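Below is one structure; the comments refer to it alone.
The values are calculated or read from the model by the stated rules, or taken from the named source; none is laboratory data. Small disclaimer: the values here were computed from a predicted structure and weren't measured. Because the Cβ atoms are built from the backbone with ideal geometry, glycine has one as well, and the counts that use them run over all protein chains shown.
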Amino acid sequence: MQSIDIHGANFAEIEQATIRERINPEFTWRAFDDYSPVNQLEIPVNRARVAFVTTCGAHLTEDQPFDIKGAEGDPSFRSFPVSTSFEDLELTHRGYNTRRAKSDMNVVLPLDHLHAAVRNGRIGSLASNVYSFMGFVADTEPLLQETVPQLAGRLRQDAADLVLLAPT
Amino acid sequence: MGLIQRGLDDAGLSTLSITQIPEISAIVKPSRSLFVGHPFGLTFGDLYDSGTQAAVLRAMIDAAEVMDAPGMRASSFVWSKDDERYRQLRKIKG
């Protein structure tokens with residue numbers, strides 16, 4: 001693994017070792033030789049419809065929570081309208097302090113700032129739905145073969161010109 | 001996150017992500033990412049720090065607008081409030 005941390009530590013290796021120790025002894029980062037393709041935005045960003053995808057584990061309070069106990073993780077996603085109020089959302093995640101984030105969900109899910117970016121003309125509009133994952137997926141085949149193609153289809157239905165993705 | 005982004009890239013969608021651990025992005029190699037050196041769970045900034053939260057989002061939009069080649073874009077977003085990110089990355093409890 002390439003080490004680019006200025007202090008000499010390789011945090012990918014540390015993270016992998018921690019996951020193996022605490023959750024799944026078989027866990028290994030899925031590596032690729034080449035970058036995935038860059039698809040340039042085809043219209044000016046101030047006219048673009050922007051979609052947001054997060055791994056913060058957000059879901060509607062009435063939705064089934066993510067599986068945060070299994071060693072294989074959870075490859076599924078939840079969706080909710082971009083107009084949803086924070087009070088109608090729950091955060092289910094094993095990798096960060098969700099209780100703290102619930103007091104200001106903009107720290108992981110910047111809905112207020114996305115709406116502001118539309119109001120101030122920086123982006124054209126927001127796609128109608130937000131898509132949310134829990135983030136930890138040890139068995140990546142279901143994610144790559146089933147879930148992500150489903151997500152791509154949903155984003156096309158939403159007419160997203162640009163997809164912004166944020167981890168937690 | 002990188003695997004999800006790769007799948008969307010392969011499907012022809014235009015994407016831009018935040019990365020908090022560049023070493024993982026160097027392994028997974030999603031198309032375009034912006035490095036943000038904030039702790040896990042505070043990706044866009046501290047609680048109620050709407051200025052930083054909005055600035056991180058603006059930086060994502062700016063990066064999506066100008067990056068025409070794959071790779072990671074540096075940013076000025078670092079965490080100086082306390083040692084939370086330092087401890088998180090090194091798995092130091094307490």
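Total residues in segment B:47-94 satisfying the condition of being among the aliphatic types (A, V, I, L, M), part of a helix (DSSP H, G or I) and more than 30 Å from A:A48 (Cα to Cα): the figure is 1.
Considering (1) in contact with a Leu (Cβ under 8 Å, 6 or more places away or on another chain); (2) aromatic (F, W, Y); (3) under 12 Å from A:P75 (Cα atoms), the lone condition that A:F136 does not fulfil carries the number (1).
Residue by residue, here is whether (1) at pLDDT 95 or above; (2) assigned by TED's automatic domain parsing to the domain that holds A:N129; (3) outside any loop (DSSP other than H, G, I, E, B); (4) more than 24 Å from B:H38 (Cβ to Cβ) holds:
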site: A:H59; (1), (2), (3), (4): yes, yes, yes, no
site: A:S83; (1), (2), (3), (4): yes, yes, no, yes
site: A:E90; (1), (2), (3), (4): yes, yes, yes, no
site: A:G95; (1), (2), (3), (4): no, yes, no, no
site: A:R100; (1), (2), (3), (4): yes, yes, yes, no
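Filtering A:V148, A:V118 for residues that are facing another protein chain (nearest Cβ under 8 Å), of a type in the set (V, I, T) and part of a helix (DSSP H, G or I) leaves a single hit, A:V148.
If the condition is being free of Cβ contacts under 8 Å to residues at least 24 places away in the same chain, facing chain A (nearest Cβ under 7 Å) and farther than 27 Å from A:T98 by Cβ, then segment B:42-68 contributes B:E65, B:D68. Check segment A:46-53 and report whether any residue there is modelled with pLDDT of 95 or more, in a loop (DSSP other than H, G, I, E, B) and either within 26 Å of A:H93 (Cα to Cα) or among the polar types (S, T, N, Q) (or both). For segment A:46-53, residues modelled with pLDDT of 95 or more, in a loop (DSSP other than H, G, I, E, B) and either within 26 Å of A:H93 (Cα to Cα) or among the polar types (S, T, N, Q) (or both): absent. Of all residues in segment B:37-55, those that are in contact with a strand residue (DSSP E or B) (Cβ under 6 Å, 6 or more places away or on another chain) and either over 18 Å from B:S75 (Cα atoms) or crowded, with 23+ Cβ neighbours inside 10 Å (or both) total 1. Assessment of segment A:67-75 against the conditions (part of a loop (DSSP other than H, G, I, E, B), of a type in the set (A, V, I, L, M) and within 21 Å of B:I18 (Cα to Cα)) yields no matching residue. Residues that are surrounded by fewer than 22 Cβ atoms within 10 Å (Cβ to Cβ), assigned to a helix (DSSP H, G or I) and within 7 Å of chain A (Cβ to nearest Cβ) occur at least once in segment B:11-22. Against the criterion of being over 25 Å from B:A63 (Cα atoms) and either surrounded by fewer than 16 Cβ atoms within 10 Å (Cβ to Cβ) or within 12 Å of chain B (Cβ to nearest Cβ) (or both), A:S36 does not qualify. Annotation note: of A:D104, A:D139, A:D112, the sole residue that is among the acidic types (D, E), surrounded by fewer than 23 Cβ atoms within 10 Å (Cβ to Cβ) and in contact with a Gly (Cβ under 8 Å, 6 or more places away or on another chain) is A:D139.
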